[in-house]
Amino acid sequence: MKKKINFIIPCPYCGAEYLPGEIFLPKAFLGEPRHIDKDDNGKIISFVGSNMDTYESYTCDFCGATFKVKATVNMVPRPDVKHDFSKPYRVSLEEEEILLEEN
């Protein structure tokens, strides 16, 4: 099954293509924060561990040249209105019935 490719990282020397997972290590990329301290409003005060590392070096498998990659990450939080139970909502108590005839 062929999957849609969202991000391709080309070697700047020979053009060989890589997926981010071939170059970036997930734990290093996302960081490993532990013991996160937050204030009463949920704002981060401090943490122990590592933050995101969006820079990586890689040696091309095809031409042997080393190149650097800088990832730019955009995270956009959006409300999940389907599962927002902070506002009044209605639930129908009537069940739909499907009747099938038997032969």
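Coordinate-derived values only; no laboratory data. Everything numeric in this text was worked out from a predicted model, so none of it was measured. With ideal geometry, Cβ positions are generated from the backbone for all residues, glycine too; neighbour counts draw on all protein chains shown.
Below are the figures for this structure:
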quantity	calculated
From phi via Karplus (6.51, -1.76, 1.60), per-residue ³J(HN,Hα) for region 58-67 in Hz, x at Gly/Pro	8, 9, 4, 6, 9, 10, x, 7, 9, 9
Given charges at Cβ of Lys, Arg, Asp, Glu: the chain dipole, positive-most of Ser46, Cys60, Ile9	Cys60
Reported label for calculated P(r) over Cα pairs in 10 Å bins from 0, in percent given (1) 14, 44, 29, 12, 2; (2) 10, 22, 22, 17, 14, 9, 5, 0; (3) 15, 48, 29, 8, 1	(2)
Dipole moment magnitude, nearest 20 debye, the chain about Cα centre, only Lys, Arg, Asp, Glu C-beta charged	840
Of Phe62, Phe85, Phe24, the one that fluctuates the most in a GNM where the chain has Cα springs shorter than 10 Å	Phe85
Highest-MSF residue in the chain out of Leu19, Leu93, Leu30 [GNM, Cα springs under 10 Å]	Leu93
Sparse-neighbourhood loop sites, trypsin sites (Lys or Arg not before Pro) in region 1-101 - DSSP loop, at most 15 other Cβ within 10 angstrom	Lys2, Lys3, Lys4, Lys43, Arg90
The chain - percent relative contact order, Cα under 8 Å, separation 6 or more	17
Derived scalar couplings ³J(HN,Hα) [region 71-77; Karplus, 6.51 cos²θ - 1.76 cosθ + 1.60; whole Hz; x for Gly, Pro]	8, 10, 10, 10, 10, 10, x
Hz values of 3J(HN,Hα) by residue in region 24-37 - Karplus curve (6.51, -1.76, 1.60), Gly and Pro given as x	8, 8, x, 5, 6, 5, 7, x, 9, x, 9, 6, 7, 9
